[in-house]
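Derivation of every value follows stated rules applied to the coordinates shown; laboratory data play no part. Treat the numbers as computed from the prediction; the structure is a model and nothing was measured. Cβ sites come from the backbone with ideal geometry, for glycine too, and all protein chains shown count toward neighbours.
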Amino acid sequence: MRSAARETWIVERWSRGSSPLHSLDARAKLAALAVYLLAIASTSAWTQAAVAGYAVILSAALAASRLPVPALLARAALILPFSATFALITWLSGDATRALALVEKSFLSGLAVLVVIAATPLTDLARALEAFRVPRSLVLVIQFLYRYLFVVADQAHRMRMAAACRQGIRRNARPRFHAAAGAVGVLFARSWERADGIYRAMAARGFHGTFPALAPTRFRTVDGVFLCGFALAALAVRLML
């Protein structure tokens, strides 16, 4: 839980950057991402030329984002163990080309999603989802899950430090396992209490189910140019290969 919160904090810090990709409207980035993912998913004749084409498009977005490429690649690679399982089954069935395509498609798709998330603050993404008529309840669930992750992680860290101060560090793993199993219920009970307190504080300050925008957003000409250029490039690779 602590590592998950740390990763979320890192992505949150990346999203506060100042690059050409950061300055674009979130609606343009989400629409471009949807076109890119649909183009990858619908490419039936998957070849290494298609991989190169989609990789070049994504590399241009990476260059415009000014994000740390090695760190992004390492985090995007976390999806590979899941896709590799199905790729192995496909390879054992005798279709090695399709197995390789499955791994490549999943990696490119995961990297594209990560770039958009790392280059767009969560509040902007939520407003863009609402603009695309995503159910408000779903948007609220995403926002609360994102923010309460830090609450649970902070509570877990406090409990861990308190247990270490009272009991010291034990080398026997079995007692620690039993203690950790009993602490899970306490963790979620305390996290629920803190989350309820946060919600009551938000309600007392006028929260009525929507997060107010700090500044109005406008879909500018540069946003339209980016969306059209990115979408046309992805569609060109899709239709030509």
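A few remarks follow.
- Listed peptides 92-101, 18-27 appear in the order 18-27, 92-101 once ranked by packing, highest mean of other Cβ atoms within 10 Å at the front.
- Euclidean distance of C-alpha centroids, the stretch 115-144 and the stretch 19-58, integer Å: 19 Å
- In order along the stretch 55-68, the Karplus-derived 3J(HN,Hα) couplings, from 6.51 cos²θ - 1.76 cosθ + 1.60 at θ = phi - 60°, round to 5, 5, 4, 5, 5, 5, 5, 4, 5, 6, 7, 6, 8, x Hz, and Gly and Pro are given as x.
- Size of the stretch 22-168: Rg and Dmax of its alpha carbons, in Å, are 19.3, 62.
- Averaging 1/r across all pairs of distinct Cα atoms in the stretch 90-170 and inverting the result yields a Kirkwood radius of 16.9 Å.
- Net lengthening on full extension, Ser93/Leu80 (0.36 nm per residue, minus Cα-Cα): 2.7 nm
- Glu193, Glu130 arranged by Cβ crowding within 10 Å, fewest neighbours leading: Glu193, Glu130
- Prolate/oblate/rounded call for the stretch 1-83, Cα gyration tensor, a/c under 1.5 rounded: oblate
- In range of the label at Ser19: residues from the stretch 46-73 whose backbone nitrogen is under 19 Å from the point 7 Å along Cα→Cβ: 54-73
- Neighbour-count ranking [beta-carbon atoms within 10 angstrom, fewest first] of Arg66, Arg200: Arg200, Arg66
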